[in-house]
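Remarks on the structure that follows.
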Amino acid sequence: MDIKKSHTLSLDILFFIITAFVHFALVQGATVAAPNKSGILNEGLNLTCTYTLEGGETFDSLTWARKRNSDAGFIDIAKFGAGDPIYYESAGELRNRSSLLKISNGGYIDIRMLICVDEAQFRCTVEYSSGGTLKNQESTMTVTLQGRPEKPSSLIQSGENAEYDIMTFDCRSVVGKAPLGIIKWEGIRGSTSTDLSADSEVTNEVVTPGSCTRTFTSRLTRNVTRNDNGLVIRCRTTHTVYQDPEDYLDLSPLVVNYPVDAASLSVSQDPNKPTHDVGGTVRLTCQITVIPVATYKWRHLKTNQTYDQGFNGLLVLSNAQVNQSGTYECEATNTYQNMTYTATQTIGIDIQIPPTSSRTDVPEVTSPSNTGSGNGNTDKATSPQDDDNTVLIIIICVVIAVVVLVVIIVVIIFKKKRNTNKQQRIEEPPEKAYNNNPAINSYANQPDIVGDDKKKNYQNSFSSSPYNSNPYSSTNYPAHNTSFSMKSDDLSYGEMNFDDRPRSRKPVALSDADYADISMPHV
C-alpha cells in the first residue's frame, strides 16, 4: 500500500515539473499587444501593435490581417519587415485613407477617416527567431464604430392651415450608429421652447445608404388653433454621447386661418362720453384680430346709410349733427377656404345741441391735443384754472371801470353846480341908486357916475310930488339924482338908467311905480 502511494506521488510531481517548464518557456518568449479600439465614423483612428523580445530573440516581421463580417477568415493587408512597410492588394481602398508607420518595437496603421467597413477584427502577428528557430506570436483586436447624428435633411408640412384642422410635419434625419440618437420636436415662440415630442412617432427606420448608421423619419401630428399663429416648429436630432447644438431645422412661423366672431369683435367711440355736441367730431372704431384680415362696414340703423371702410374699421363723423344720433352697426368679414364669415357689434351715440351760455358765462377755450399749429409746435390747451383767472380779471376790470365812471360823473355834476351858483352871485357896484344915499350907503361921498349928463336938481320943482315923499327926498338931499321925470299926470312911471358896464347886473327900484321902463345894461 505504501509503495503504491509513493509511485502515484512521484508521477504527480513529474507532471507538475513538465507543465511548469512548458509554461515558463512560453511566457519567457516574445509578447505581442494589440488593444481593442473604438472610433467614430468619418473621424480618424490609430491601430497599434507592439511586441517585446527576450534575450537571444530577433525580430523578423509584423503582419496585419483583417476579418470583416463578410470575410470567411483573416486576410493579410499590410506587412512590416526589414525594409519599408507595404500594403497587400487585399487592403483595397484602405490604402487611400491610411498610412503605415514603423516603430522600433511595432507597427501602426493610421486610418485618417473611418468608414463602416473598418468595423472589423484586426490581427497582429510577430515573427521572430529564437535559438535558430522561427517562431511567431499574435494578438487580435476588435474595432467598433459609433456614428454621430446628423442635421435633419428634410422637414415637410402638410394639411390645411385652418383652425382645428389636423396638420402633420415630417422630419428625416440620420440618428447615428448604436447607441442611436432620436428626433425631437420643439415649438419655438420667441426665446421660449416647448417640447412637442409627445405628439410624434417614428414612421420609418432604415440603414443609411452607403453607411452603417440609421436614418429615422419622425412625424408630428397637431390639431392647430389660432393660438398656434406665429409658432415655429423645430425638428432636432439628439444623441446621448455626440450632440451638436446646430443639428436642427425650422419651419416658417405657422399661419392658422380662423373666422371672425362677435366675441372677439370690439367697438368704441371717441370721445367716450354719453352725449356729443353738434358740430364736433365723433370717431367710431371697430377692431378684431383675425387671419385672414377682416374688412369692415358701418351702417347707421336709423337711416340705413352704409359706410364701407375696407380694412380700416375707423368711421369719423365730422361736424356731427343731431340727425346722426342713434345706433351704428359694425360688420366684420373675412374669407378663407372658399367660406365667408361675418360678425357684428353695435354702439349708440347721442348728438345734442349744447345749452346757450349766459352773459356771465365765460366760453371755454379748448385746443385739440393731437393737432399741431403747423410749425412743429402743438397748441396749448386752456386749463380750468386759467379760465377762472380770466373771469376774475374781467370782473376786476369792470368794477374799476364803473368806479372811475361814477367818480367822473360826480366831479362833473359838482363843477357844474358850482359854476351855476357862481353865476347867480351878481357883483353889485357902489354906484347903485341906493348906494348913493349916504344914509344907507358908505359910498355916498363918491361921485354919481350914472347919468352925469342928465343930472338935474329937482329940489323945488317937485317938492309936492309923491315921488319925493320918501325918506330920501330932495329936501334933505338936494344932490340926490332921481333921474325921474313925469311924463303924464294920469300914468305914473319911473325911468331908470343903469350903468352899462359888465359889473352891473341887477336893478334896484327906489320906490313903487305903476309902470317902470327899465333899460338893462348891455354887456
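The values are calculated or read from the model by the stated rules, or taken from the named source; none is laboratory data. The shown structure was predicted, so the numbers you read here are calculated from the model rather than taken from an experiment. So basically every Cβ, Gly included, is an ideal-geometry build from the backbone, and we count neighbours across all protein chains shown.
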Among the residues of the range 65-82, is there at least one that is modelled with pLDDT under 95, among the polar types (S, T, N, Q) and closer than 14 Å to E138 by Cβ? no
I'm checking my understanding of the structure. Among residues of the range 232-243 that are surrounded by 18 or more Cβ atoms within 10 Å (Cβ to Cβ) and over 19 Å from K177 (Cα atoms), which one is farthest from the chain's Cα centre (by Cα)? C235
If you check T221, T192, T203, which single one turns out to be touching a helix residue (DSSP H, G or I) at 6+ places or on another chain (Cβ under 8 Å) and surrounded by fewer than 17 Cβ atoms within 10 Å (Cβ to Cβ)? T221
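Within the range 124-135, work out how many residues are part of a strand (DSSP E or B) and without any contact (Cβ under 8 Å) to a residue 60 or more places away in the chain.
Step one: of the range 124-135, the residues part of a strand (DSSP E or B) are 124-130, 133-135.
Okay, now just the ones that are also without any contact (Cβ under 8 Å) to a residue 60 or more places away in the chain, so 133.
So the answer is 1.
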Within the range 145-197, count every residue that is in a loop (DSSP other than H, G, I, E, B) and within 43 Å of the chain's Cα centre (by Cα). 12
Report, ordered by the first and then the second residue, all pairs with beta carbons closer than 7 Å, sequence separation of six or more or different chains, a first member in the range 82-94 that is on the phi < 0 side of the Ramachandran plot and surrounded by 10 or more Cβ atoms within 10 Å (Cβ to Cβ), and a second member that is part of a strand (DSSP E or B) and of a type in the set (V, I, T). Y87/I77; Y88/I77; S90/I75; S90/I77; A91/I77; L94/I77
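At negative phi and either in the same structural domain as C116 (by TED's automatic domain parsing) or exposed (fewer than 14 other Cβ atoms within 10 Å of the Cβ) (or both): is that true of E138 in this structure? Outline the logic, then answer.
Values: at negative phi: yes; either in the same structural domain as C116 (by TED's automatic domain parsing) or exposed (fewer than 14 other Cβ atoms within 10 Å of the Cβ) (or both): yes.
Considered against the rule, which asks whether it is at negative phi and either in the same structural domain as C116 (by TED's automatic domain parsing) or exposed (fewer than 14 other Cβ atoms within 10 Å of the Cβ) (or both), E138 comes out as yes.
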Count - residues of the range 206-218 that are touching a strand residue (DSSP E or B) at 6+ places or on another chain (Cβ under 7 Å) and exposed (fewer than 12 other Cβ atoms within 10 Å of the Cβ): 1
Are there strands (runs of 3 or more DSSP E) fully within the range 280-363 with at least 3 residues that are surrounded by fewer than 16 Cβ atoms within 10 Å (Cβ to Cβ)? List them. 305-310, 326-336, 339-349
How many residues, within the range 266-279, are out of contact with any Gly (no Cβ under 9 Å at 6 or more places or on another chain) and outside any strand (DSSP E or B)? 6
Going by the conditions given, is I103 surrounded by fewer than 16 Cβ atoms within 10 Å (Cβ to Cβ) and modelled with pLDDT under 95? yes
